[in-house]
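What follows is a set of notes on a single structure, which appears directly below.
The values are calculated or read from the model by the stated rules, or taken from the named source; none is laboratory data. This is a predicted model, so every value here is computed, not measured. No Cβ is skipped: glycine too gets one built from the backbone with ideal geometry, and neighbour counts run over all protein chains shown. The protein model used for the area step is the full one, side chains on, heavy atoms only, and it has no ligands, DNA or RNA in it. Shrake-Rupley method; radii C 1.70, N 1.55, O 1.52, S 1.80 Å.
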Amino acid sequence: MGKVWLVTGASRGLGREIARAALDAGETVVATARSADAVRDACGGEHERLHALALDITDAEAANSVAAETTERFGAIDVLVNNAGYAELGFFETFTDAAVRRQFEVNLFGTMNVARAVAPHMRERRSGLIVTISSVSGLVSNAGGAVYSASKFAVEGWVEGFAQELEPLGVRSLLVEPGMLRTDFMDRKSASFGSIDIPDYAEAVAQYRAFVDGANGNQPGDPKLLATRIVALASQGKAPLRLVFGDDARQWAGAKVDQLRQEIAQSADRG
Ligand code: NJP
């Protein structure tokens, strides 16, 4: 039997492609999203190595149940893919407090729920890999992405430390920072937009929305290609901590590192 994968957000986009790529590689896949039927359809229907379960990652109890059911049935979870997430897009002050909290509830606390449910099983076996889909927006923030980036920066800080805690216990971590991928991510099906009108930002917000609408469906990154890269990396004995995926992501991340180096060097002169 191949490895056992647990994938969140597998009804669409990157999660669906990861589930499919793992199935194609001969793995057993427990694929989840808020509707089990949607996951099953997305992953190609009934398959002897596919197990579709409902999991809203904001529900910690449900995460515990899925982890327990998976280990009972298959004896282990070898690879967890924390993929489920979405974006609140727009300028910070156009968001209600509730919208900002919802962003963190899913992208940070929801992801933590699933990791908290799965990590004990991996620690017990001194084996496992936790893949977390962060974003280049977890390394770089721009106007219009402040709220989404805040949630992904938080994911980065959490995983960077947690990975060091798990590593001596035989559990590896992989942080994935994609650039723009052709998924539902920028579509109204997934993304939410700030709801408060602020005249000072009106023109900039309109330009930002036009950018998002233009980019939706035309993103350069292929989620199928990233999925095959992740499956290939998971099969290696020693995966790197980070995978920055796409020319756009590598350019933005590289520019950020250059800027940081410059600001650190200049800070020395400033005291
Ligand atoms: O987006 P999309 P992606 N509980 O919208 C699920 C990151 N990323 O594949 O709504 C459980 O096609 C949702 O399931 P459901 C991004 O931040 C993307 O691009 O229940 N599941 C669906 O399966 C995210 O972390 C880009 O049917 C929940 C999936 O998430 C990851 O990639 C760039 C849920 C979203 O599918 C996958 O997003 C980047 C919940 N509460 C990072 N809420 C990009 N696409 O450009 C949502 O750097 N889902």
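Determine if region 191-201 includes at least one residue that is open to solvent by 30 Å² or more (accessible area, probe 1.4 Å) and within 20 Å of the chain's Cα centre (by Cα).
Keep residues of region 191-201 that are open to solvent by 30 Å² or more (accessible area, probe 1.4 Å), which gives 192-193, 195-201.
From what's left, within 20 Å of the chain's Cα centre (by Cα): 192-193.
The answer is yes, given that some residue of region 191-201 is open to solvent by 30 Å² or more (accessible area, probe 1.4 Å) and within 20 Å of the chain's Cα centre (by Cα).
Given (1) touching a residue at least 40 places away in the same chain (Cβ under 8 Å); (2) of a type in the set (G, A, S); (3) in contact with a helix residue (DSSP H, G or I) (Cβ under 7 Å, 6 or more places away or on another chain), where does A99 come up short, assuming only one miss?
Failing condition for A99: (3).
Restricting attention to region 171-221, report how many residues are among the polar types (S, T, N, Q) and more than 7 Å from the ligand (Cβ to nearest atom).
Going residue by residue through region 171-221, those that are among the polar types (S, T, N, Q) are 173, 183, 190, 192, 195, 207, 216, 218-219.
With more than 7 Å from the ligand (Cβ to nearest atom) added as a condition, the list becomes 173, 192, 195, 207, 216, 218.
Summing the residues that are among the polar types (S, T, N, Q) and more than 7 Å from the ligand (Cβ to nearest atom) in region 171-221 gives 6.
Residue by residue through region 88-97, note down the ones that are away from the ligand (no atom under 13 Å from the Cβ) and either part of a helix (DSSP H, G or I) or buried (at least 23 other Cβ atoms within 10 Å of the Cβ) (or both).
Residues satisfying the conditions are G90, F92, E93, T94, D97.
Tell me yes or no: at least one residue of region 227-249 is surrounded by fewer than 19 Cβ atoms within 10 Å (Cβ to Cβ), in contact (Cβ under 8 Å) with a residue 60 or more places away in the chain and of a type in the set (D, E).
So far as region 227-249 goes, yes, one or more of its residues are surrounded by fewer than 19 Cβ atoms within 10 Å (Cβ to Cβ), in contact (Cβ under 8 Å) with a residue 60 or more places away in the chain and of a type in the set (D, E).
Taking the stated definitions as given, is D41 of a type in the set (D, E, K, R), more than 20 Å from R182 (Cα to Cα) and more than 7 Å from the ligand (Cβ to nearest atom)?
no
Only residues that are touching a Gly at 6+ places or on another chain (Cβ under 9 Å) and either surrounded by fewer than 20 Cβ atoms within 10 Å (Cβ to Cβ) or of a type in the set (S, T, N, Q) (or both): list them for region 135-145, please.
Correct list: S135, S137.
List the number of the failed condition for V140; all other conditions in (1) touching a helix residue (DSSP H, G or I) at 6+ places or on another chain (Cβ under 7 Å); (2) away from the ligand (no atom under 13 Å from the Cβ); (3) in contact (Cβ under 8 Å) with a residue 60 or more places away in the chain hold.
(2)
So which residues in region 164-182 are under 13 Å from A227 (Cα atoms) and either polar (S, T, N, Q) or open to solvent by 60 Å² or more (accessible area, probe 1.4 Å) (or both), if there are any at all?
R182
Go through region 98-126 and count every residue that is among the small types (G, A, S), farther than 30 Å from S195 by Cα and either open to solvent by 40 Å² or more (accessible area, probe 1.4 Å) or within 16 Å of the ligand (Cβ to nearest atom) (or both).
Summing the residues that are among the small types (G, A, S), farther than 30 Å from S195 by Cα and either open to solvent by 40 Å² or more (accessible area, probe 1.4 Å) or within 16 Å of the ligand (Cβ to nearest atom) (or both) in region 98-126 gives 2.
Can you list the strands (runs of 3 or more DSSP E) found entirely within region 1-82 that contain at least 1 residues being open to solvent by 30 Å² or more (accessible area, probe 1.4 Å)?
50-54
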